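Just below is one structure, and these are the notes that go with it.
The values are calculated or read from the model by the stated rules, or taken from the named source; none is laboratory data. Predicted model, so just to flag it, every value in this text is computed and none were measured. Cβ placement follows ideal geometry from the backbone for every residue including glycine, while neighbour counts extend to all protein chains displayed.
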Amino acid sequence: MLRAIIFDFDGVIANSEPLHFHAFRDVLADERVTLTEDDYYARYLGYDDLGVFKAVSVERGLAWTAARVRELAVHKAERLEALEDGLSVLFPGAADAVKRAAAVVPLAIASGAIGVEIRRVLNRENLTTYFNVIVAAEDTLLSKPAPDPYLRALTLLAATLDGGLDPSECVAVEDSRWGLESASAAGLRTVGVAQTYQPEALSGADLVIGSVDALDIEQLVKLCTR
């Protein structure tokens, strides 16, 4: 039985990963650190903002303090907001997919993006009210691929439903192997959306689709009745 759907945000609903890359690249360039697009997608996309700067610090031997990492994350968030100005960053068909899903079951977001960035896009696109729960980077101690974001979303969703919520009754919609690992570890069924990576990179998903516009609720129901 399908009782809830939990969406990742960047790479699934919002086509914002290119903007995140540019924001990270620009901030790191000010620190005389070069970040290539290939490196970003291969090594860092699965991290939240703090995680990216921590990883870069360790890998490049920069010894940034926790305070400096937080400062860089603030600069990156400011740069991202400037890059988004005046743009719609939704994938084609994403709004309709969200509305179709919300007409059937409660929805949540479990994302490594910070809450203000998620809500800024959803508010601009009039989609905020379709989500019962939003779990952002600051809402859990550990980020993906740890299961914490999905476990938190499940707990908050269960509080709104009669009779609790079993993870196997929920489907996660993800675009990366890190997100799929997180959702699977939390016990959810998984759909991989090949909008950021090629389908073969999402082989760990229960179902792989080409775009969020192709999300079929009947297929999700079948995933939860195996």
(request) Sort out which residues of segment 10-60 are hydrophobic (A, V, I, L, M, F, W, C) and surrounded by fewer than 18 Cβ atoms within 10 Å (Cβ to Cβ), and write them in order of number. (result) Ala29, Val33, Ala42, Ala55, Val58
(request) Could you list, in sequence order, all residues of segment 151-166 that are surrounded by fewer than 23 Cβ atoms within 10 Å (Cβ to Cβ) and within 29 Å of Arg43 (Cβ to Cβ)? (result) Leu151, Arg152
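Each row is one residue, and each column tells you yes or no for (1) assigned by TED's automatic domain parsing to the domain that holds Ile109; (2) modelled with pLDDT of 95 or more; (3) in a strand (DSSP E or B); (4) not β-branched (Val, Ile, Thr).
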{"position": "Asn126", "(1), (2), (3), (4)": "yes, yes, no, yes"}
{"position": "Thr129", "(1), (2), (3), (4)": "yes, yes, no, no"}
{"position": "Ile134", "(1), (2), (3), (4)": "yes, yes, yes, no"}
{"position": "Ser143", "(1), (2), (3), (4)": "yes, no, no, yes"}
{"position": "Leu154", "(1), (2), (3), (4)": "yes, yes, no, yes"}
{"position": "Gly187", "(1), (2), (3), (4)": "yes, yes, no, yes"}
{"position": "Gly192", "(1), (2), (3), (4)": "yes, yes, yes, yes"}
(request) At least 3 residues that are within 18 Å of Ile114 (Cβ to Cβ) and either modelled with pLDDT of 95 or more or over 19 Å from the mean Cα position of the chain (by Cα) (or both) in each: list the helices (runs of 4 or more DSSP H) lying fully within segment 16-102 that qualify. (result) 17-30, 49-59, 66-84
(request) Please go through segment 188-223 and pick out each residue that is surrounded by 21 or more Cβ atoms within 10 Å (Cβ to Cβ), among the hydrophobic types (A, V, I, L, M, F, W, C), farther than 19 Å from Leu142 by Cβ and under 16 Å from the mean Cα position of the chain (by Cα). (result) Val191, Val193, Leu202, Ala205, Val212
(request) Give the number of residues within segment 171-187 that are surrounded by 24 or more Cβ atoms within 10 Å (Cβ to Cβ) and either touching a Leu at 6+ places or on another chain (Cβ under 8 Å) or closer than 18 Å to Pro18 by Cβ (or both). (result) 8
(message) Tell me yes or no: at least one residue of segment 108-122 is touching a strand residue (DSSP E or B) at 6+ places or on another chain (Cβ under 7 Å), hydroxyl-bearing (Ser, Thr, Tyr) and in a loop (DSSP other than H, G, I, E, B).
(response) yes
(message) Conditions first: (1) part of a loop (DSSP other than H, G, I, E, B); (2) modelled with pLDDT of 95 or more; (3) closer than 22 Å to Ala97 by Cα. Thr196 passes all but one, so which condition is the exception?
(response) (2)
